[in-house]
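Okay, structure first, notes after.
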Amino acid sequence: MALWHSLYNNVDQGPNYQGNFAIEEKVSAAYAMANLVGDGWRGNVGLRVAGTRQRSLGYNFDADNHAVAETVSHNYVDVLPSANLRFDVSKDLVARVAASKTMSRPDYSALTPAVTLNNINATGTGGNTDLKPVRSYNADATLEWYYAPQSVLSAAAFYMDMPSYIAFGYSKRRYLNTAINQFDDFIITTPLNVAAKNKGLELAWQQPLWQDFGAAINYTYAHGRTADGASLVGSSANTYNAEVYYEKAGFSTRLAYSYRSAYLVGLANVAPQYAAGMGTLAISVNYKLNDHVTFTLDALNLNNPTLKYYSTADRPQAFYSNGRQLFFGVKIAR
């Protein structure tokens, strides 16, 4: 594209300094865990200490249109305790409780100081070099009823308090408009940290049905919101999976349908972008020839779903159809 502009428009774009970046991240961690056991209960407590050193390098232009390197560094340490306990309420009834503090680092694309600019409408997207990891305080409680062989009915509740969740916002920044070789104000969409909470319920059931057939169903309801009431990125309110399976003498197959309701993808320029609810159908087939050779076949997106993005219900933005996918494999073990 740069060569075409140079040949036919007499425009030499030169290096794309504003779109170039480098990121270095060095991590270290230490772990400790203790197993606990008592009369009718058992569990573990643990501690993870994680250290992170980040350095982001990007470029911008000074008032004389000279490229200037800009470096941002961050160092932080997270102390992350956890505890998991199981209680045998009765012969067939098990209760579980868990509490933890977790940390998940942002991906490199979210940390990049580079930007991708649209010179026509003065908009763009970029990262955030000051982005903090997602830190969360979590609590879970589960009740499991093993009412028959290979059968279980369970219910769980979860709660997550995230003081540094990653959402998306926009701000006005000044960059060089390479189309006119002048500085201009751009509206840049970037990730940012906000406080958020997520809570919900999980239900699951699994049971053999007839001969060597069986079924399994699970459902999750999640209610997640940021501190200002906005939806959480990537969080669907309703998610479920329904599966039937057959297993006998080295042969097994599973047919599964998975569905998730609409969710927030992020921002497209300055407008929120949502993905419509979508379900996918998949099948997995495995045949163990002997102790050394197993054949596998996985077929995904059998219903060929279309992923639909919207700004509002009346404003579709993009439709994607990824097609059906087939994977065949052979596992060989000594």
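Of the residues that sit in the range 226-240 and are in a strand (DSSP E or B) and open to solvent by less than 50 Å² (accessible area, probe 1.4 Å), which one is modelled with the highest pLDDT? Before the answer, list the steps.
So in the range 226-240, the residues in a strand (DSSP E or B) come out as 226, 231, 233, 238-240.
Restricting the remaining residues to those that are open to solvent by less than 50 Å² (accessible area, probe 1.4 Å) gives 226, 231, 233, 239.
On the way: Thr226: 91, Ser231: 87, Val233: 87, Thr239: 97.
Taking the candidates together, the pick is Thr239.
Based on what the data block shows, is Lys172 open to solvent by 40 Å² or more (accessible area, probe 1.4 Å), in a strand (DSSP E or B), at negative phi and touching a His at 6+ places or on another chain (Cβ under 7 Å)? It would help to see each step written out before you state the result.
On the way: open to solvent by 40 Å² or more (accessible area, probe 1.4 Å): yes; in a strand (DSSP E or B): yes; at negative phi: yes; touching a His at 6+ places or on another chain (Cβ under 7 Å): no.
Judged against the criteria, Lys172 is not a match.
Being hydroxyl-bearing (Ser, Thr, Tyr) and surrounded by fewer than 17 Cβ atoms within 10 Å (Cβ to Cβ) is the filter; apply it to the range 241-258 and report the residue that is farthest from Trp210 (Cα to Cα).
The initial filter retains those residues of the range 241-258 that are hydroxyl-bearing (Ser, Thr, Tyr), namely 245-246, 252-253, 257-258.
Now drop any that are not surrounded by fewer than 17 Cβ atoms within 10 Å (Cβ to Cβ), which leaves 246, 252-253, 257-258.
Values: Tyr246: 10, Ser252: 15, Thr253: 15, Tyr257: 20, Ser258: 23 Å.
Looking at residues that are hydroxyl-bearing (Ser, Thr, Tyr) and surrounded by fewer than 17 Cβ atoms within 10 Å (Cβ to Cβ), I get Ser258.
Tell me, which residue of the range 74-126 that is polar (S, T, N, Q) and not in a strand (DSSP E or B) is farthest from Thr52 (Cα to Cα)? Steps first, answer last, please.
Let us first name the residues in the range 74-126 that are polar (S, T, N, Q), namely 75, 82, 84, 90, 100, 102, 104, 109, 112, 116, 118-119, 121, 123, 125.
From what's left, not in a strand (DSSP E or B): 90, 109, 112, 119, 121.
Working: Ser90: 45, Ser109: 17, Thr112: 16, Asn119: 36, Asn121: 38 Å.
Of everything passing the filter in the range 74-126, Ser90 is farthest from Thr52 (Cα to Cα).
Do any strands (runs of 3 or more DSSP E) entirely within the range 245-334 hold 1 or more residues that are β-branched (Val, Ile, Thr), and if so, which?
On the way: elements: 251-260, 263-268, 271-275, 278-288, 293-300, 306-312, 315-321, 325-332.
Where strands (runs of 3 or more DSSP E) fall fully within the range 245-334 and carry at least 1 residues being β-branched (Val, Ile, Thr), they are 251-260, 263-268, 278-288, 293-300, 306-312, 325-332.
Mind telling me which of the residues Ala271, Ala262 ends up being open to solvent by less than 50 Å² (accessible area, probe 1.4 Å) and within 30 Å of Ile188 (Cα to Cα)? So that I can check it myself, show each step before the final result.
Details: Ala262 fails: open to solvent by less than 50 Å² (accessible area, probe 1.4 Å).
Only one candidate qualifies: Ala271.
Which residue out of Asn138, Asn128 is of a type in the set (S, T, N, Q), surrounded by 15 or more Cβ atoms within 10 Å (Cβ to Cβ) and farther than 24 Å from Trp41 by Cβ?
Values: Asn138 fails: farther than 24 Å from Trp41 by Cβ.
Just a single option satisfies the conditions, and that option is Asn128.
Might you check whether a residue that is acidic (Asp, Glu), at pLDDT 75 or above and out of contact with any Pro (no Cβ under 9 Å at 6 or more places or on another chain) occurs anywhere in the range 68-85? Walk me through it before giving the result.
Residues of the range 68-85 that are acidic (Asp, Glu), as a first pass: 70, 78.
From what's left, at pLDDT 75 or above: 70, 78.
So of that shortlist, the ones also out of contact with any Pro (no Cβ under 9 Å at 6 or more places or on another chain) come out as none.
No, because not a single residue in the range 68-85 is acidic (Asp, Glu), at pLDDT 75 or above and out of contact with any Pro (no Cβ under 9 Å at 6 or more places or on another chain).
In the range 102-121, how many are open to solvent by 50 Å² or more (accessible area, probe 1.4 Å), more than 24 Å from Thr178 (Cβ to Cβ) and free of Cβ contacts under 8 Å to residues at least 60 places away in the same chain?
Result for the range 102-121: 3.
The values are calculated or read from the model by the stated rules, or taken from the named source; none is laboratory data. None of these values were measured; they are calculated from a predicted model. Reconstructed Cβ throughout: ideal geometry from the backbone, glycine too, with neighbour counts over all protein chains shown. For accessibility, only protein heavy atoms count, side chains too; no ligands or nucleic acids. Shrake-Rupley method; radii C 1.70, N 1.55, O 1.52, S 1.80 Å.
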